[in-house]
Structure formats: C-alpha cells, structure tokens
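This report refers to the structure that appears directly beneath it.
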Amino acid sequence: IFIMRLQEFVTVLVRDPRTQKEDSWHSYIDYEIFIHTNSMCFTRKTSCVRRRFREFVWLRQRLQSNAVLIQLPELPSKTPFFNMNNPHHVDHRRQGLQEFLEK
C-alpha cells in the first residue's frame, strides 16, 4: 500500500496597507494579515485580519517574555522620520512585518 502524505504549509502575507483616521489630527496605517494553510492545527484554512504596527510591537513583547531562551526576530525599526504618505516607507515597513511573521 502506498500512502502519500501532503506536506503541511502555513503561508502568511502582510499586504494592503491602509491609512486610518482616528480624528482630524491622528492617523495610522494598518496592514492586512492573510493566512492560508492546510495544517490540521488550524480550524480555518484561510483567515484575514487587519493590524497596526503597535500591535506587532505588543505581540513581540509578549512572545519575548514567554521565550526567555529564544531570540525572536526584530521588527522593522520605528523611525521618527516614518512618513505614511511615502509609499517606499510604507512598503519597507510592510516587508519588515512580513519577514517578522515568517521567522
């Protein structure tokens, strides 16, 4: 009997940055986090949620506090010169968030 097992995968994409207005003075960018998997560990095979940069910072801090012996990947630097109107800045941060989640 020949049994072929499919290899499990989890694909995570950070995409579709959008500017959100909190009020007339404050705005932020959030990113769509899309997950596609065939893993038995997940009840849903696709999932999508929007998150902003500070939620990634929170996640990394919580993971680091529980993973004392493991060095977690870094997030893209939070630069004071980040310009949400500059597509290069926004895409650079998106790529950094993508790399963080992949590792």
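The values are calculated or read from the model by the stated rules, or taken from the named source; none is laboratory data. Since the model is a prediction, treat every value here as computed from it, not as a measurement. Virtual Cβ from ideal backbone geometry, glycine too; neighbours counted across all protein chains shown. The area values use the complete protein model at the heavy-atom level, side chains included, leaving out ligands, DNA and RNA. Shrake-Rupley method; radii C 1.70, N 1.55, O 1.52, S 1.80 Å.
Below, the figures for the structure above:
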{"quantity": "Folded to 0 to 90 degrees: helix 87-102 orientation relative to the chain principal axis, Cα", "calculated": "30 degrees"}
{"quantity": "For segment 1-55, radius of gyration divided by Kirkwood radius, i.e. Rg to Rh on alpha-carbons", "calculated": "1.26"}
{"quantity": "Signed unit charges on C-beta, dipole axis of the chain, positive-most listed residue Ser77, Trp58, Cys41", "calculated": "Cys41"}
{"quantity": "Solvent-accessible area per residue for the chain (1.4 angstrom probe, square angstrom)", "calculated": "80 Å²"}
{"quantity": "Whole-percent carbon and sulfur share, accessible surface of segment 41-103, 1.4 Å", "calculated": "55 percent"}
{"quantity": "Rounded tilt (10° steps) of 53-66 against the dominant C-alpha axis of the chain", "calculated": "50 degrees"}
{"quantity": "Evaluated over the chain, the Cα radius of gyration and Dmax, each in Å", "calculated": "16.8, 67"}
{"quantity": "Estimated dipole of the chain in Debye, rounded to 20 [Cβ of Lys and Arg +1, of Asp and Glu -1, Cα centre]", "calculated": "180 debye"}
{"quantity": "Additional length obtainable on full extension of the chain from His92 to Lys78, 0.36 nm per residue less Cα span", "calculated": "3.9 nm"}
